[in-house]
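Enquirer: Quick one: the structure is below, and I'll ask about it shortly.
The values are calculated or read from the model by the stated rules, or taken from the named source; none is laboratory data. Here the structure is a predicted model, which is why all the values come from computation and not from measurement. Because the Cβ atoms are built from the backbone with ideal geometry, glycine has one as well, and the counts that use them run over all protein chains shown.
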Ligand SMILES: Cc1cc2nc3c(=O)[nH]c(=O)nc-3n(C[C@H](O)[C@H](O)[C@H](O)COP(=O)(O)O)c2cc1C
């Protein structure tokens, strides 16, 4: 019988499903619900020392729907970090650990570019008994104006320095959460790991504009007729998240073996999770999924993932973590492999004739165009 139980950075998780920082971890009430439903760990909504500077607006979400309007494909938010006073959070972190001593509680923290503030935040938060930190270097809206969030995550030098401050003050593991709004995710990832991060989390939301209302001619979500670019999440971001997780996992394998990776982006079921683990994730976070389907989604996710493991005879998550990574290569290498395979096939005169597919651009014809396109898909 396979098991989902795992130990990451010394944290004992009953399963790899972690509540990602956001509304599903926004106060003690909802965090407790997550533990009761059986989530492997909870990352609370990001906190900072001075919540008075955090002022949210409504509406602050925008959805991209499927053509039939039935499915939410993408989700934009212009929500800030927690607007609740830090003192209240200190209280709730302590209460949460009293109520759920075995629950893995991770505090997401963010501060301005000032050593004393980071050290104070780390020391006061860890005194509440939380199990680990996630450093939010990745919120793409609202906070960068204060040189926080993605503004830090886009600057490797600052990332390394701030991780160094946290390393000096923290007695517990800490993950640096990466912004996808960079050209090469390896650069900030390497900086955070050099600075001493125990592991990385990726990805936060992708800077976006969800749409323009064709009646009012105004962009959305509309706040008093205006908007600001926000962060994109949900199913639509999964392919981008998979690519970035793959790149970070490859970096970790090569340069920082043993550091952990928490994969995030559009996860809604156990098969999504299996894909992220195959690309090197130790844990898998879900944020928007919980907003779409509720906390109880963790049960079918666990069942799905166990069924996948059973099918492939994997006993533990370690049995398949990173198993798909060796199969990425360059485009030039794909061409070489295919040329070699075709040459070998030609040589074998008895080989069955290959399925008719367009090879060169001049071979496309206007008839059966969809068929020709489909034949080239995997
Ligand atoms: C409404 C909303 C609020 C969020 N707030 C935070 C936050 O406070 N801190 C943080 O690190 N990430 C925050 N995120 C980002 C998520 O944790 C996650 O990285 C991202 O949404 C991608 O995962 P998903 O597709 O599972 O939502 C938020 C996401 C949403 C949708």
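Enquirer: Among 215, 272, which is modelled with pLDDT of 95 or more and more than 22 Å from residue 21 (Cβ to Cβ)?
Expert: 215
Enquirer: Of all residues in the range 65-85, count the ones that are within 15 Å of the ligand (Cβ to nearest atom), surrounded by fewer than 20 Cβ atoms within 10 Å (Cβ to Cβ) and outside any loop (DSSP other than H, G, I, E, B).
Expert: 2
Enquirer: Next question. Considering only the range 215-306, give the helices (runs of 4 or more DSSP H) lying wholly within it that have at least 3 residues that are within 16 Å of the ligand (Cβ to nearest atom), free of Cβ contacts under 8 Å to residues at least 40 places away in the same chain and within 23 Å of residue 2 (Cα to Cα). Can you show your working first?
Expert: Details: elements: 238-255, 270-278, 288-293.
Fully inside the range 215-306 and qualifying: 270-278.
Enquirer: Is it the case that residue 89 is more than 26 Å from residue 32 (Cβ to Cβ) and not in a strand (DSSP E or B)?
Expert: Spelling it out, it is not the case that residue 89 is more than 26 Å from residue 32 (Cβ to Cβ) and not in a strand (DSSP E or B).
Enquirer: If I filter the range 307-318 for residues that are modelled with pLDDT of 95 or more, in contact with a strand residue (DSSP E or B) (Cβ under 7 Å, 6 or more places away or on another chain) and closer than 26 Å to residue 9 by Cα, do I get at least one hit? Give the derivation first.
Expert: Of all residues in the range 307-318, those modelled with pLDDT of 95 or more come to 307-318.
The next check asks that each one be in contact with a strand residue (DSSP E or B) (Cβ under 7 Å, 6 or more places away or on another chain); those that pass are 317.
With closer than 26 Å to residue 9 by Cα added as a condition, the list becomes 317.
Within the range 307-318, one or more residues are modelled with pLDDT of 95 or more, in contact with a strand residue (DSSP E or B) (Cβ under 7 Å, 6 or more places away or on another chain) and closer than 26 Å to residue 9 by Cα.
Enquirer: Kindly indicate whether residue 54 is at pLDDT below 95 and under 27 Å from residue 146 (Cα atoms).
Expert: When the stated conditions are applied, residue 54 passes them.
Enquirer: In addition: With the structure loaded, tell me whether residue 322 is part of a loop (DSSP other than H, G, I, E, B) and buried (at least 18 other Cβ atoms within 10 Å of the Cβ) or whether it fails that test.
Expert: Details: part of a loop (DSSP other than H, G, I, E, B): yes; buried (at least 18 other Cβ atoms within 10 Å of the Cβ): yes.
Spelling it out, residue 322 is indeed part of a loop (DSSP other than H, G, I, E, B) and buried (at least 18 other Cβ atoms within 10 Å of the Cβ).
Enquirer: Only residues that are within 14 Å of residue 40 (Cα to Cα) and either surrounded by fewer than 14 Cβ atoms within 10 Å (Cβ to Cβ) or not assigned by TED's automatic domain parsing to the domain that holds residue 16 (or both): list them for the range 268-299, please.
Expert: Within the range 268-299, 296, 299 qualify.
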